[in-house]
1. Considering every residue within segment 76-88, establish whether at least one is basic (Lys, Arg) and not in a helix (DSSP H, G or I).
2. Of the conditions (1) modelled with pLDDT under 95; (2) exposed (fewer than 14 other Cβ atoms within 10 Å of the Cβ); (3) in contact with a helix residue (DSSP H, G or I) (Cβ under 8 Å, 6 or more places away or on another chain), residue 99 fails just one. Which one is it?
3. Where residues in segment 104-146 are buried (at least 17 other Cβ atoms within 10 Å of the Cβ) and farther than 30 Å from residue 173 by Cβ, which of them is farthest from the chain's Cα centre (by Cα)?
4. So residue 43 passes all but one of these: (1) at pLDDT 95 or above; (2) surrounded by 11 or more Cβ atoms within 10 Å (Cβ to Cβ). Which condition number does it fail?
5. Kindly provide the set of residues from segment 49-76 that are of a type in the set (Asp, Glu) and surrounded by fewer than 20 Cβ atoms within 10 Å (Cβ to Cβ), ordered by number.
Amino acid sequence: MQVRFHKRPVYYSIETETLAKQIPDNGGMYLVPAFTGLGAPYWQPEVRAGLFGMTRNSGPEYFARAALESVAYQTRDLLEVMLADYPENLSLLNVDGGMAANNWLLQFLADMTNVNITRPTCIETSALGAAYLAGLQVGVFDTLEDISRLRKIDRIFKPQMSTTESNRLYAGWVDAVGKLLGKS
């Protein structure tokens, strides 16, 4: 007997950006990616992922968009809790990592958080940071300030969406999370 494994498509930052841009809106579809529990700020480890608003017309572009949007909604969740405890005029978030290559996501993140999002020229800053710290240890750099001056910005994403629209979309997210938590 021969076992065949079907290749499932793996979508990366650029591919998910292309998919998300194919549709004008999320069609009411929300993904709450609680695959190993619902983390901060909800702290519900027993809750599992949920997909809401899916219809027979929900193709890959809707799934990609719902996944990308969930990153921005989760970020807004955390920022709202943080700012409630420490009220500060937040105007800038720095991002990095593989998802930072996705322009659509970073624009949506700026829209959902209502802050400017900066992406560095080198998005893999964990490895770069380790190299910088090693350089600091062996004397290539004298201070952390020397290292911080090396950071170069590739692009700044500024909020463009109306507050009304941002709040409407976020309310859909809050409703989806509420359904998972048994509150809706």
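The values are calculated or read from the model by the stated rules, or taken from the named source; none is laboratory data. Computed from a predicted structure; not experimentally measured. A quick note on method: Cβ atoms are made from the backbone with ideal geometry, for glycine too, and the neighbour counts reach across all protein chains shown.
1. no
2. That leaves (2) as the condition not met.
3. Only one residue fits best here, namely 141.
4. The single condition residue 43 does not satisfy is (2).
5. Within segment 49-76, 61 is the sole residue that qualifies.
Here is a yes/no grid of residues against (1) at pLDDT below 95; (2) of a type in the set (Lys, Arg); (3) on the phi > 0 side of the Ramachandran plot:
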site: 22; (1), (2), (3): no, no, no
site: 26; (1), (2), (3): no, no, no
site: 34; (1), (2), (3): no, no, no
site: 47; (1), (2), (3): no, no, no
site: 53; (1), (2), (3): no, no, yes
site: 72; (1), (2), (3): no, no, no
site: 90; (1), (2), (3): yes, no, no
